[in-house]
Each structure stands twice: as C-alpha cells, then as structure tokens.
Amino acid sequence: MLGAGLGGFVDGIVAHQLLEWHHLLSGWYPAASAMRINMVADGLFHLACLLAVLVGIGLLASSPVESSPGAGRQLVGWMLAGWGWFNLAEGLVNHQLLGIHHVRPGPHELAYDLGFLALGILLIVGGSLLGRARGLER
C-alpha cells in the first residue's frame, strides 16, 4: 500500500504537475476548457494516493516489530514492488484499456506507455527480490 500510494504520488506530481504531460482524464477531456474537470480528477487521484499511504502506515504500525538485519531493505523493496504494481495496473487499465490518458500523448505515445509498463515490471522484480532478501547487513 505504501509503494502504490507513493508511486501514484510520483506519477501525479511529476507527469501531471511538473512535466504537464497529462492529467487524469485528459484522454477523455483534452480541451483547455475542461481543465477544471482534470484538476478535480487529479485532486481526487492524489486524495486516493494519500489514503493508500495512510492505510500502508496503519498496516506497518500494526504489524509485529521486526528488528532483524535487513528489515529496512525489505521495507524499501516491498515499497518499490508496490510502486511497480501501481504502474502496471495504472498503465494497463488507464492507458491501454480505458484510454483516459497516456503517459505522454502525441508522437511516440505507445513508446512512453510501454516504457511506463516496463518500469513497473522492473520495479516489481527488483523490489520483490530486495523485499524477499533476509538477513542482509545494513
């Protein structure tokens, strides 16, 4: 949950706000006159990301305390994997299936979408490997 929420925040802050590549509903409402719809949708998306992070913090706080070597790496690993699952789900559902937006619309749109999916797979694989590692020294 932490990784999925944080991955959503990275997507929303970087792609939506800083780079201005898309907004949550820009595939359905691309006109400048629909900016209010897109801004409200982006705000609701960020609210959902915040709720995912809060749920993740609650799960983490209620879990048994583990002070084994490598516990921090495991947490980071599973957060990276969660971010990857966010990318994969968001990329397949929102970009490909529903078409509500693309990573970067226009020329090379599919390449950006596929790159987003590839990053998700790399985060899942790398994060899972790191998350499963036991007894690593800090």
- Message: I'd like to check something: does segment 65-80 contain any residue that is assigned to a helix (DSSP H, G or I), within 18 Å of the chain's Cα centre (by Cα) and polar (S, T, N, Q)?
- Response: no
- If you check R132 against the conditions, is it more than 16 Å from L6 (Cβ to Cβ), open to solvent by 70 Å² or more (accessible area, probe 1.4 Å) and touching a residue at least 40 places away in the same chain (Cβ under 8 Å)? yes
- Query: When both residues are 6+ apart or on different chains and their Cβ atoms are under 7 Å apart, which pairs have a first residue that lies in segment 1-28 and is among the hydroxyl-bearing types (S, T, Y), and a second that is assigned to a loop (DSSP other than H, G, I, E, B) and crowded, with 22+ Cβ neighbours inside 10 Å?
  - Reply: S26/H101
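Anything in segment 11-59 that is hydroxyl-bearing (S, T, Y) and surrounded by 14 or more Cβ atoms within 10 Å (Cβ to Cβ)? List them, or say none. Spell out the reasoning first.
We begin by selecting, within segment 11-59, every residue hydroxyl-bearing (S, T, Y); these are 26, 29, 33.
Those that are hydroxyl-bearing (S, T, Y) and surrounded by 14 or more Cβ atoms within 10 Å (Cβ to Cβ): S26, Y29.
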- Message: For segment 8-33, which positions are part of a helix (DSSP H, G or I), modelled with pLDDT of 90 or more and aliphatic (A, V, I, L, M)?
- Response: V10, I13, V14, A15, L18
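The values are calculated or read from the model by the stated rules, or taken from the named source; none is laboratory data. On a predicted model such as this, the values are computed, not experimentally measured, just so you know. Backbone-built Cβ (ideal geometry, glycine too); neighbour counts: all protein chains shown. Just so you know, the surface numbers come from the protein's heavy atoms only, side chains and all, with ligands and any DNA or RNA stripped out. Shrake-Rupley method; radii C 1.70, N 1.55, O 1.52, S 1.80 Å.
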